Amino acid sequence: MFVFMQAAVLHGKQDVRLEEVTERPLAPGEVRIRIGAALTCGTDLKVFKRGYHAKMIVPPAVFGHELAGEIVETRSAEGGTRNEGWRVGDRVVVANSAPCDVCDSCERDQQSLCDDLLFLNGAYAESIVVPARLVEKNLLRLKPGTAFRDAALTEPLACVVQGVEESELAAGQRVLVIGAGPIGLMFVALAKNLGCEVTVAGRGEARLAAAIRLGSSAVIDVGTEGDIVKAARQGGPTTPQFDVVIEAVGNPEAWEAAVKLVRKGGSVNFFGGCPAGTSVSLDTGLIHYSNLTLRASFHHTPRTIRRALDFIESGVIRAADFVDGECALSELPALFARMTAGNRVVKTLVDVRR
C-alpha cells in the first residue's frame, strides 16, 4: 500500500512545484521523521535560482535542509546496531550531511571537507527519510523543552560555529561582520557571547536593528551604493581597526573589502561562498607587509553540529531572533519567487502541514 505526502519538488531553475509524492519504504538503519519545523535558507535560495547544486541535489527532487521533528518509523540496521536506541516518538534534529570518516580529509580531522559527504534534502515536505549514515553520525535527540523551530537552526549555526572556531575568536577582539543576513547575525550572537566587540556592515533597517539586539555595538549601513569600505570609513579612522573580519555575504566585492578593513596582523575569514567562476583581486603588498591571515571556512562537522545544538538549548541562539516570517508549504513556490525579487526577511518558517 502506497502512502502519499505533499512536498515541494525542485524541477530546475526557478521551478518549484507542490506535488503529491510517494513515501518510500525504509532501508535498514533508516528512520522517518515527521517534520515539525522547516526553515528557509540562503543556500536553498541559490539552489532555486540556479536550478541545481552540483554536490547537494540533482532535480527533480524534494529540497530544503533545515528541519526538526519527531521520529514516526524506524528500521533496524543489518546487525541491529546503527539506529539502536531510536524510538518512535523521539523528538530530533538532523544535519543535512554526514562524513564517511575513512577518506584522507576525515583522517586529517577535516570532516567538513569529506570526499564522500552524504547530503540530505527534503525538508519542504510532510516527512523525510534519514539515511543510515546520518542516523549514526548526525541525528540528535532534543531536550523536552526545545522547540522544533529553534532546533531547526542547528545546521546553519553549526557552519557558523565552524567559522568562529577556525577564526579563533576570543574575548576583547574587535570583530567586523560583513553581512546582516541569518549567517552574519549568528556570527554576531556567538562573537558577542565570547566577549568580542562586534560591528556589522550591511543593509536593511530591520536586519541592522536585529544586529544591535543580538549584541553588535555598532552597525554600518552600506546603503544602496554598496561600497563597504567607503561606508566603514565614513566619519571614522581610515586605518583599519578590526582584529578579525568575517565576510558573510558571498560576493567578490565583499571579499576584497574584507582584506582592506582588517588591521595589520589581523585575520579574515571568507565565509560566504561566491558564485561559481568568480574571482577576486587582492593587493599582494597589503597582504604580505601587513602579515594578514586569510582563511575560508566551509560547512560543518558532527562535533560542531553538537556544539550548535548546545548553544540553542542553552538559549544563546533562539529562533525568535532569526525567524521573522511564516508561510504554508503550498505557498513556498511564491515565497521563493519573492525572495528572488528581493524579499528581505531573515528566515521563514514553513508550515508543512498546510
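Just so it is clear, none of the values below were taken in a lab; they were calculated from the coordinates. A quick note: this is a predicted structure, and the numbers were derived from the prediction, not measured. Here the Cβ positions follow ideal geometry from the backbone for every residue, glycine too, while neighbour counts run over all protein chains shown.
For helix 182-194, report the angle its Cα long axis makes with the longest principal axis of the Cα atoms of the chain; keep it between 0 and 90° and round to the nearest 10°.
70
By the scheme Lys and Arg +1, Asp and Glu -1, what is the net charge of all other residues having a beta-carbon under 12 Å from that of residue 62?
On the way: positive: 17, 24; negative: 19, 20, 23, 44, 126.
After counting each charged neighbour, the total is -3.
Mind listing which trypsin sites (Lys or Arg not before Pro) in the range 106-190 are in a DSSP loop and have 16 or fewer other Cβ atoms within 10 Å? Could you put the intermediate results ahead of the total?
Details: sites: 108, 133, 137, 141, 149, 174; in loops: 108.
Here the sparse-neighbourhood loop sites are 108.
For residue 264 and residue 278 in the same chain, what is the full-extension length gain: residue separation times 0.36 nm, less their Cα-Cα distance, in nm?
Going from the current span to full extension adds 2.4 nm.
When the chain is modelled as a GNM with alpha-carbon springs shorter than 10 Å, which of 128, 183, 220 fluctuates the most?
Among 128, 183, 220, the largest mean-square fluctuation in the Gaussian network model of the chain belongs to 220.
How far apart, in nm, are two points set 7 Å out from the Cα along the Cα-to-Cβ line at residue 72 and at residue 45?
About 3.0 nm separates the two model spin labels.
Quick one: go through the range 23-67 and flag any residue whose amide nitrogen is under 15 Å from the point 7 Å out along the Cα-to-Cβ line of residue 14.
Zone members listed by number: 45-52.
Within 10 Å of each candidate Cβ there may be at most 13 other Cβ atoms; applying that plus a DSSP loop requirement, which GluC sites (Glu not before Pro) in the range 28-119 survive? Don't jump to the answer; show the numbers that get you there.
Details: sites: 30, 66, 70, 73, 78, 84, 107; in loops: 30, 78, 84.
Here the sparse-neighbourhood loop sites are 78, 84.
With angles folded into 0 to 90 degrees, how steeply does helix 154-167 sit against the dominant principal axis of the chain? Use alpha carbons for both and round to 10.
Between the helix axis and the principal axis of the chain, the angle is about 30 degrees.
Report the local net charge at residue 48: Lys and Arg +1, Asp and Glu -1, summed over other residues whose C-beta lies under 9 Å from its C-beta. Show your work: numbers first, answer last.
Numbers: positive: 13, 46, 49, 50; negative: 15, 44.
Overall, the nearby charge balance is +2.
Specify whether the C-alpha gyration tensor of the range 158-295 places it in the rounded, prolate or oblate class, a ≥ b ≥ c being the square roots of the eigenvalues: rounded for a/c under 1.5, otherwise prolate if a/b is larger than b/c and oblate if not. Mind dumping the intermediate values first?
On the way: a/c = 1.27, a/b = 1.17, b/c = 1.09.
Rounded shape, in that the Cα axes give a/c under 1.5.
What full-extension length gain, to one decimal in nm, is calculated for residue 351 and residue 115 as 0.36 nm per residue of separation minus the Cα-Cα distance?
Details: separation 236, 0.36 × 236 = 84.96 nm, distance 3.42 nm.
The residue 351-residue 115 span can extend by a further 81.5 nm.
If you stretched the chain out fully between residue 286 and residue 310, how much longer would it get, using 0.36 nm times the residue separation minus the C-alpha to C-alpha distance?
Working: separation 24, 0.36 × 24 = 8.64 nm, distance 3.91 nm.
That pair, residue 286 and residue 310, stretches by 4.7 nm at full extension.
Along the Cα→Cβ direction, 7 angstrom out, place labels at residue 341 and residue 217. What is the inter-label distance in nm?
Taking the two extended label points, one gets 4.2 nm.
Arranged from highest to lowest average of other beta-carbon atoms within 10 Å per residue, in what order do the peptides 209-217, 193-201 appear?
Details: 209-217: 19.4, 193-201: 21.6.
Packing order, densest peptide first, comes out as 193-201, 209-217.
Test of understanding: in a Gaussian network model of the chain with alpha carbons linked when under 10 Å, which of 237, 59, 252 would top the mean-square fluctuation ranking?
237
Which of 132, 258, 206 moves the most in a Gaussian network model of the chain with Cα springs under 10 Å?
206
In terms of Cα to Cα distance under 26 Å, which lysines are near enough to residue 347, apart from those fewer than 8 places away along the same chain?
Cross-link targets: 13, 46, 49, 55, 143, 192.
Sorted by packing (mean other beta-carbon atoms within 10 Å per residue), highest first, where do 274-283, 94-103 land?
Put in order of decreasing packing, that is 94-103, 274-283.
Roughly what % of DSSP beta bridges within the chain run antiparallel, to the nearest 5?
Values: 34 of 60 bridges.
Of all bridge pairs located within the chain, approximately 55 percent are antiparallel.
Let me test this: with uniform point scatterers at the alpha carbons of the range 102-171, what is the Debye-based log₁₀ I(q)/I(0) at q = 0.13, 0.14, 0.20, 0.22 1/Å?
One equal scatterer on each Cα of the range 102-171 leads to -0.54, -0.62, -1.13, -1.24.
For the range 1-95, just say rounded, prolate or oblate: build the C-alpha gyration tensor, square-root its eigenvalues into a ≥ b ≥ c, call rounded for a/c under 1.5, and beyond that prolate if a/b exceeds b/c, oblate if not.
Working: a/c = 2.04, a/b = 1.83, b/c = 1.11.
Taking the square roots of the gyration eigenvalues as a ≥ b ≥ c, the range 1-95 is prolate.
Say R0 is 56 Å: what FRET efficiency, to the nearest 0.05, do residue 253 and residue 88 get from their beta-carbon distance?
Numbers: r = 50 Å, r/R0 = 0.90.
Result of the calculation: an efficiency of 0.65.
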